[in-house]
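In what follows, a structure is listed as structure tokens, so that the remarks can point back to it.
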Amino acid sequence: MQLRSFLAVAQTNSFTQAAARLGVRQSTVSQHLRKLEEAVGRTLVLRDTHTVSVTPDGEAMLGFARSILAAHEEAASYFRGERPHGRLRIGMSDDLALTRLPQILRDFRSENPRVDLELTVDQSGTLHRRLESDRLDIFIGKRPRGSGEGKLVKRERMVWVGNPSTRLDLTKPIPLAVYPSPSLSGTAMHEALENAGIGYRTACVCRGVNGLIAAVAAGIGVSCLASSLVPVQLTQLGAQHKLPELGQIDLVLLTNPRTEGRPAARALAAAVLSSGPRGLSAS
């Protein structure tokens, strides 16, 4: 339980959220972390009244913790006689194709050859609806701010993106490259600009992340992405562009309550959650 508490704190950067995920008190999580640090003789997490961060020794421990917990889950499944098998319907928001998540899925398939993966890549809003209508078993992607749905894998700051030549005239409507509605990133941009009193227009509607990257790289419009998902083709826009803050976005794992108890669903959820924030960072 000490390792699970440590991993939950590292993933959420919060003792409160880690406790909520594990279903225990915050004091219990703190006690687990203290005992783990005493056992290894190193400081793993730095904490003050405002922030929680993992130390270099903590980063090293993350790798060990994930391996130990994955081995524990595999052993438990083996002795329960519940070897994962059958079809598993997975929904992945298309911008997560830029992360290590595809590698996590490949590793999972290699370790669980009796599981057939059915992967749907689409916008988060569309995948939410598919999960609710029992057409997915697991969804990995973005959730609306403040919804509280799912298990938090990573909380990200959203940033404006353009290309190295991007210049903006705030007296004219800002050209935006957006996903089709409903779009969480589109909503975030619209709300931020409206609150700042800045006009905008839709310059390009992109059906997927590759189209959005191409549109922004070509200078058709600006857009926004989670900070760790900005690809090399694009540039994070800075203070000189005078655009408003976009806030944060949560990258989460949601399960279908009808199928979440199946061994295959439990095993994949454990694999994604144990990968931690790095699993949903650009590869």
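The values are calculated or read from the model by the stated rules, or taken from the named source; none is laboratory data. Remember, it's a predicted structure, so these values are computed and weren't measured experimentally. No Cβ is skipped: glycine too gets one built from the backbone with ideal geometry, and neighbour counts run over all protein chains shown. Please note that ligands, DNA and RNA were not included when accessible areas were found on the heavy atoms of the full protein model with its side chains. Shrake-Rupley method; radii C 1.70, N 1.55, O 1.52, S 1.80 Å.
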Query - Per-residue HN-Hα couplings for the stretch 239-249 [Karplus 6.51, -1.76, 1.60; θ = phi - 60°; Hz; x = Gly/Pro] - result: 4, 5, 7, 6, 8, x, 5, 9, x, 10, 10
Query - Relative intensity, log₁₀ I(q)/I(0), of the stretch 239-278 from a Debye sum that treats every alpha carbon as a point, q = 0.16 Å⁻¹ - result: -0.57
Query raised in the report: When the Kirkwood radius is taken over all Cα pairs of the stretch 1-76, what Stokes-Einstein diffusion coefficient follows at 37 °C and 0.692 mPa s, in µm²/s?
Result: 265 µm²/s
Query raised in the report: Which percent, to the nearest 5, of DSSP beta bridges fully inside the chain are antiparallel?
Result: 55 percent
Query - Which of Leu229, Leu268, Ser124, positive extreme of dipole for the chain (C-beta unit charges) - result: Leu268
Query raised in the report: Counting only protein heavy atoms, what percent of the accessible surface of the stretch 1-52 is carbon or sulfur at a 1.4 Å probe?
Result: 46 percent
Requested in this report: Report, by chain and number, residues whose modeled amide H sits under 5 Å from the one on Thr55, excluding near sequence neighbours (fewer than 5 apart, same chain).
Outcome: Val45, Leu46
Query raised in the report: Hey, any idea what % of the stretch 116-243's accessible area is carbon plus sulfur with a 1.4 Å probe?
Result: 48 percent
Query raised in the report: Which lysines does Lys172 reach when only Cα atoms under 23 Å apart count, and residues fewer than 8 places away in its own chain are ignored?
Result: Lys242
Query raised in the report: If the chain between Arg100 and Glu149 were fully stretched, how many nm would it gain, using 0.36 nm times the residue separation less the Cα-Cα distance?
Result: 15.4 nm
**Report entry** Principal axis dimensions, largest first and in whole angstrom, of the stretch 103-248 by Cα
**Finding:** 58, 30, 24
**Report entry** Dipole moment magnitude, nearest 20 debye, the stretch 139-237 about Cα centre, only Lys, Arg, Asp, Glu C-beta charged
**Finding:** 240 debye
Requested in this report: With only Lys, Arg, Asp and Glu charged, each at its Cβ (+1 for the first two, -1 for the last two), find how big the charge dipole of the chain is about the Cα centre; round to the nearest 20 debye.
Outcome: 260 debye
Report summary line: Across 5 Å bins beginning at 0, the whole-percent shares of Cα-Cα pair distances in the chain come to 1, 5, 11, 15, 16, 15, 13, 11, 7, 4, 2, 0, 0, 0
Query - Ala196/Leu69 FRET efficiency (R0 45 Å; Cβ-Cβ; nearest 0.05) - result: 0.55
Query raised in the report: Cross-link partners among aspartates and glutamates for Lys151, C-alpha distance below 12 Å, same-chain residues fewer than 8 apart left out?
Result: Asp250
Query raised in the report: What FRET efficiency would be calculated for the residue pair Met1, Ser133, taking the C-beta separation as r and a Förster radius of 35 Å, to the nearest 0.05?
Result: 0.45
Requested in this report: Report, by chain and number, residues whose modeled amide H sits under 5 Å from the one on Ser223, excluding near sequence neighbours (fewer than 5 apart, same chain).
Outcome: Val161, Ala177
Report summary line: The answer for Arg100, listing residues at least 5 apart or on another chain whose modeled amide H is closer than 5 Å to its amide H, is Ser281, Ser283
Query - Most fluctuating residue given options Ala188, Ala265, Ala196, as computed from a GNM of the chain linking Cα atoms under 10 Å - result: Ala196
Report summary line: Rounded to whole Å², per residue accessible area for the stretch 99-252 with a 1.4 Å probe reads 48 Å²
**Report entry** Helix-only mean residue ellipticity at 222 nm for the chain, each DSSP H run of n ≥ 4 adding -39500 (n - 2.57), per residue, nearest 500
**Finding:** -12500 deg cm²/dmol
Query raised in the report: Val232 label point, 7 Å along Cα→Cβ, cut-off 12 Å on backbone N: hits in the stretch 104-126?
Result: none
Requested in this report: Could you order peptides 59-69, 217-227, 13-23 by the average number of other Cβ atoms within 10 Å of their residues, highest first?
Outcome: 217-227, 13-23, 59-69
